[in-house]
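Here is the structure we will look at.
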Amino acid sequence: MRNKLKGLVTVFSLLSLQAFAQEKKTLSLNEAIDLGIQNSKQLKVNQARIDEATAALKEEEEKKLPDAKVSGSYLRLNNANFDLKSKGNNSGGGTSGGSPKINQAVYGLLNVSLPIYNGGRIRYGIESARFLEQAAKLDAEDDKDEVIQNTIEAFANLFKAKTAVYLVKENLEQSQQRAKDFANLEKNGLLARNDLLKAELQSSNVELSLLDAQNNQQIANFNMDLMLGLPTTTELVLDTTSIEKKDDNRVLADYLQTAVGSRKDMAAVDYRKKAAESGVKTAKSDLYPGIALTGGYIAADIPNFLSVTNAVDIGIGISYNIGSLWKNKSKVQQAEARVKQLSLSESMLDDNIRLQVNKSYLGLLSNRKKIDVYSKAVEQAQENYRIVKNKFDNSLATTTDLLDADVAQLQARLSYTLARADAFVAYHKLLQTAGILSAELKK
């Protein structure tokens, strides 16, 4: 009795684990994109970079605020001798009477400085930091489009893998049924043994293809679970209603023109170039003096000798680093070299963008043409199989002809499905290279 109970517990446990392992989740493309953005580690890194750039901007703005320093000391003196001289003492001796015994001193200082003019260092520093903050935000937007495109590609790959499994399973059932029919014919002496072996061999090959297709499906499912931040045991059931051809009458010239003003990475490089130009101005500002409004308060107490209170001072301070006249030239040259580098990088990126848009546009046209070709191929393969099957039933075609027609039919159906998914991905890739992927998805 105990063994039976243990067996029942084990069975129920295995069933529970199997149910957990096969947890299913229906997923549309928009839901997949939202999850991909929400769980992208790269986008979280980018947000941290934006926060860093924002803090750097705030740091530069805070340089306009006054500086305040407080210092104080307690000093212990050892047998200090004080001899105060007075202007009226012609004898050169000290003051009359004995000198006070001083063995300790306390003092405190408060200094406040407010910058008034420093050659524009603060203003250009703020300007540069603001440009870098904008560049960081644009980098994040560009990476967001990359995450969206990767999610679309993963969604399409899983769709292709699932479709391949479905079609191969369907073909396997037909192959196995054909092998059974051939076995009955062979038993009745109506079919050669060799033809039966050909049918069984094809059935075995299709079964091996199914194993490969199922393995690819599991890998694609696992990859998408990781990408979307889902448990890796989740089986995704795709809502594929959104995988369809998008009506878009724009031509290559339209996409090229759109890319010039829409690519986030191009705008980010432009902002970095502006920041570098502000860096040149900052370097040149070292050639000018610094002027600041200063103020302070002093308090001191030397027992038996001196006490100072309410000593407040205010004034204007000027500082100038004379060494900058011969040391600053190299700093300016470095800043100007950074501007030149970014200008060249901007030009190179512009060429790459044009190349990417051209490549994506031609890829889309090619994939859409493949859909038309494979659509006709499916019709031709189905009709060819029907004819060959009719001939085979009337002993006018060989078993090899029938099996070849069946393989061609399966291959045509697979190719048509893959072409549809590839065209869908290619269209969104074109939108990404034109810099309008996020905007188009919101429509």
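Bear in mind that the values in this text are calculations on the coordinates, not laboratory data. Bear in mind that the values here come from a model prediction, so they are computed numbers and not experimental data. Note that we place each Cβ from the backbone using ideal geometry, even for glycine, and neighbour counts take in every protein chain shown.
List of remarks:
- Ordered from longest to shortest, the equivalent ellipsoid semi-axes for the range 273-351 are 49, 14, 10 Å, each the square root of 5 times a Cα gyration tensor eigenvalue.
- Kirkwood-based shape ratio for the range 319-407, expressed as Rg/Rh from alpha carbons: 1.72
- Relative contact order (%) - the range 217-369, alpha-carbon pairs under 8 angstrom, separation at least six: 25 percent
- Overall form of the range 192-276 per C-alpha gyration tensor (a/c, 1.5; a/b vs b/c): prolate
- In terms of distances greater than 30 angstrom between alpha carbons, the cross-link table entries Lys160/Lys369; Lys24/Lys180; Lys24/Lys370 yield Lys24/Lys180; Lys24/Lys370.
- For the chain, a crude dipole built from +1 on the beta carbon of Lys and Arg and -1 on the beta carbon of Asp and Glu, taken about the Cα centre, is about 1120 debye to the nearest 20.
- Isotropically averaged projected area of the chain, using the convex hull of Cα atoms (one quarter of hull area), nm²: 46.4 nm²
- Cβ-derived FRET efficiency at R0 25 Å, Ile219 paired with Asp401, nearest 0.05: 0.10
- With an a/c value of 1.5 or above and a/b not larger than b/c for the gyration tensor axes a ≥ b ≥ c computed over the alpha-carbon atoms, the range 230-315 is described as oblate.
- Stretch gain in nm, segment Lys376-Leu77, where the contour uses 0.36 nm per residue and the Cα spacing is subtracted: 97.2 nm
- A simple spin-label model places pseudo-atoms 7 Å from Cα toward Cβ; at Leu211 and Glu440 they are separated by 4.1 nm.
- Counting charges near Ile37 (Lys, Arg +1; Asp, Glu -1) among other residues having Cβ under 14 Å from its Cβ returns a value of -3.
- For the residue pairs Lys41/Lys245; Lys187/Lys391; Lys245/Lys273; Lys25/Lys264; Lys284/Lys340, the C-alpha atoms sit more than 28 angstrom apart in Lys41/Lys245; Lys245/Lys273; Lys25/Lys264.
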